[in-house]
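First comes the structure, then the notes that go with it.
The values are calculated or read from the model by the stated rules, or taken from the named source; none is laboratory data. None of these values were measured; they are calculated from a predicted model. Heads up, the Cβs are rebuilt from the backbone with ideal geometry, glycines too, and the neighbour counts pull from every protein chain shown. Side chains included, ligands, DNA and RNA excluded: accessible areas come from the protein's heavy atoms. Shrake-Rupley method; radii C 1.70, N 1.55, O 1.52, S 1.80 Å.
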Amino acid sequence: MIIGKVTMRNRALYLVCALLMVLLGISDTLRGVFTPLFTEVYGFSMSQIGLIVSISYLGNLVCLLCGGFILDKIGRKKAIAAFALALALSELLLLGGREYLILAVGFFLALGISTLLNTAINLISDSFSSTRSLMLLNALFFIQGIGTSGSQLILSRFSASTAAWNAVLISIAVLLVPIAIAVSRMKIEAAPESDVCHKDKGHGSIRTMVLVLITLSLGFYMIAEHGITNYLIMYGTGYLGISAASAGLSLSLFSAGIMTGRLLLGNLADRIGAEKMILASLILSAGLSSLAFGTAFLPLLFLVGFSASIVYPTTVSVIRRYVPDSLGARATTVAVSAASILDIIFNAVFGHAIDVSGYGFSMPVLCIAFGTAAVLMIPAIISGRS
């Protein structure tokens, strides 16, 4: 298959992965979109909802750590099919969400398996193209963004509807079954050793220092991105004194920048090299975010999102270059888990910092997080070449 000047292998697999990414985008929004249902209809408190958020983060960690072993043990094709079926069962479990324990366990599994599937798709991205795998991978994350933003736009109108909640869960579960069957019958081709995504890959040894630096860089990037996502509206309304609508628009522009960048910048990562592109993106993000928060002109966050857009999927994709093939999945999932732990710890501390020092002092820390991620990537690039 030819997309522009890009030759694609495994066209059917790519299309199935695109559909799966849409479903993952929808599934990941359900916890937030249907909060009014949980509080107004099911009668749960916001403290209980907050605990579910923490439990779902824990689900990410547990599923990633266990899933990496499964991916390497039984193969990525069988594992992805099994994970898709497991996610379908998790969605059906959420139908019993009137019971708090069931809702908590359901989101623990659904969010965890969704993150695992997201990472697994990243792991097979080499099979999509011999020269433009990073571009196609970032396009898949753009497609996931369509599922996320589209479901938020449509489902928010029915956020307190039990019927809508049940219908969405059943629809996702039903669609996941043929996806699992299709993946199990497809051939996932390995990319040739000359492919760009395997350049400098360590086949016989584990590049421990490089992995640590890349993991830390990923963690600080996640701190910056999630910090903007989680705290921007309160920063805008509580510190800058703008309306919630204006702050929400700026947050939407940030998300739109991420989606647009993933569609347009992926090709550059293939052309100039993944690590170099990550470093350039982080430096630009640090500068633009400093400008945005320094001038309090939040619409600049569109450019921040655009410049940072390819960092997460591209960083995750390069981790497996520095370990033997047999450990690629485990190394990737452990690295993402470690980065997530750093993100979780930071958010616990950051909330306290806001209470003590205020948003004016605390929000620029997110700009520093972008810069720290960039600094950590520099020795990773140098070490990776040695």
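Summary table below
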{"read-out": "Space enclosed by the convex hull of the alpha-carbon atoms of the chain, per residue, Å³", "value": "127 Å³"}
{"read-out": "List Glu225, Glu99, Glu40, Glu91, ordered by accessible area with a 1.4 Å probe, largest first", "value": "Glu40, Glu99, Glu225, Glu91"}
{"read-out": "Additional length obtainable on full extension of the chain from Ile102 to Leu19, 0.36 nm per residue less Cα span", "value": "27.2 nm"}
{"read-out": "Rounded accessible area of Arg11 (nearest 10 Å², 1.4 Å probe)", "value": "140 Å²"}
{"read-out": "Relative contact order (percent, whole number), the chain, Cα cutoff 8 Å, 6+ residue spacing", "value": "24 percent"}
{"read-out": "Relative contact order of segment 233-386, pairs being alpha-carbon contacts under 8 Å that are 6 or more residues apart, as %", "value": "29 percent"}
{"read-out": "Trypsin sites (Lys or Arg not before Pro) restricted to DSSP loop in segment 74-133 with at most 14 other C-beta within 10 Å", "value": "Arg98"}
{"read-out": "Percentage relative contact order, segment 283-348, counting C-alpha pairs under 8 Å, at least six apart", "value": "20 percent"}
{"read-out": "Lys pairs, the chain - Cα-Cα below 29 angstrom, 8 or more residues apart or on other chains", "value": "18"}
{"read-out": "Where N is the number of residues in segment 80-150, Cα Rg divided by 2.2 N^0.38 Å", "value": "1.34"}
{"read-out": "Probe 1.4 Å, all protein chains present, accessible-area order of Arg321, Arg185, largest first", "value": "Arg185, Arg321"}
{"read-out": "Solvent exposure ordering (accessible area, 1.4 Å, most first) of His352, His226", "value": "His352, His226"}
{"read-out": "Axial C-alpha extent at least 24 Å, average Kyte-Doolittle at least -1.0 - helices from the chain (DSSP)", "value": "11-33, 46-74, 76-93, 100-123, 133-155, 162-184, 208-234, 244-264, 274-295, 328-357, 364-385"}
